[in-house]
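Every number here is computed from the coordinates shown, using simple stated rules; none is lab data. Quick caveat, the model's predicted, so the values are computed rather than measured. Here Cβ is always computed from backbone atoms with ideal geometry, including for glycine, and neighbour counts include all displayed protein chains.
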Amino acid sequence: PVSLTVSAEAGINGQHIEDHLNAAGLTLGHFPSSIMCSTLGGWLAARSAGQFSSRYGKIEDMVLGLKVATPDGAVLDTAERAPGAPDWTQLIVGSEGTLGVITEAVLKVQPLPEARRLRAYRFRHLADGLKGARAVMQAGLRPIVLRLYDPFDSLMAFGKDPEQKTSPRTRPFDAIRSLLSSPSGGAHDDAPAKKVPGFLAKRLEPWSKKAKHAAITTALSAPTLLNRLAQAAPSPCLMIVGFEGPAEAIHADAIAADELLTACGGVDAGARLGESWLEHRYAVSFKQSRLYQLGAFVDTMEVATTWDRLETLYHGVRSALSPHVFIMAHFSHAYREGCSIYFTFAGYRKDAARLEQHYERVWQLATDAVVANGGTVSHHHGVGLSKMAAMPREHGEMLRVWRALKDAIDPHGVMNPGKLFPDTTEVAAGSAGGAARSMVRS
């Protein structure tokens, strides 16, 4: 506590770290949505970002030193360096196990905040919300969270505006939202089952569930139409903004943020939606399996760019994917220079083999669109296999530096082979979409 640091082994569960720190009046300030099922080592290997990164930074901003087991059996301690020497810690963070195995880390911690304040705002237009988010960050304010949802992600995350009436434009999405929001996967939310008692409810429930599932798979089979309806849905864009720290300071920050956001067209929607987001912020990690059970897929892609390219990147990715999958997005992890976009997309094919091909094609189109529109293909989920083909285009000549480093530390290629960067000696221009092709080394 005196030095405000903590040492932990890499395999510790994320929530357990926070629980131990909270008991001592401290916090790491790192809250990824996967906190209950992810580890410290995973966070470091993938350069994780928590939901409060706008205030506390990403994991690479918190780590002070690492212990790393290298392929030759040595254990390196990156904290043991002279002032002014290269920071070897940042060489390992984000390397996804390709340079060594992280075994332990030393991290900065913070005192638990005295107070917290969350609020929601509605914007009629996405562009106005982005303008407001940029204004807040560039005014020097440091919110714990600043999240802007596009129209349909707003509808999915928070439901309809209480003043908004049900319309034919929103009805096609009711089944999808119900499936992803009800604990039972939608079975107990069906009106027929609620309106009849006893044995009739039990008999109607399977039929109602089948009808809902059929509606979802039918909708996902026509993504172009579904996306057009989503864009036309009369739903505002919701923003969640929050501050924590000394009570007087966050009161002043909240007033300053309110002035900036209302000047950009934001309408104060009160504290309830903000508090609801905080209460349910980890639920996304437990919802996606319901679509998998239908034979569909759902995945997420977090990308980032500077403020001047943000809308172009958003529309570019949407345009590339809309004919192939249903897509929605929110903007989070905002900074003075730019912001991350968190896309969620879902698709369906009846045949499992075609579904897998479709999934891989969607990822190729998505990463092509990101690079073509000036974005980085990963903000905090890492690269893995899905984004690897885009890495040579994004990093260019730095690929040669990576090759030299990898060969020096892991000459036999035993550390998580085939990850992060394509194992290539030649990178050529790909399709019209700009995909990189690689030639595997023998």
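Arranged by the count of other C-beta atoms within 10 angstrom, fewest first, what order do 210, 387 take?
210, 387
Can I get the semi-axes of the range 5-111's equivalent ellipsoid? Compute them from the C-alpha gyration tensor as square roots of 5 times the eigenvalues, in angstrom, largest first.
Taking √(5λ) for each Cα gyration eigenvalue gives 22, 15, 13 Å.
Among the listed pairs 108/131; 131/419; 58/131; 131/406; 350/387; 210/419, give every one whose C-alpha distance is greater than 30 Å.
108/131; 131/419; 131/406; 210/419
Full extension from residue 397 to residue 3: what is 0.36 nm times the residue separation minus their Cα-Cα distance, to one decimal in nm?
Length gained, residue 397 through residue 3: 137.8 nm.
Hey, what does the equivalent ellipsoid look like for the range 264-415, semi-axes from the Cα gyration tensor as sqrt of 5 times each eigenvalue, largest first, whole Å?
29, 23, 17
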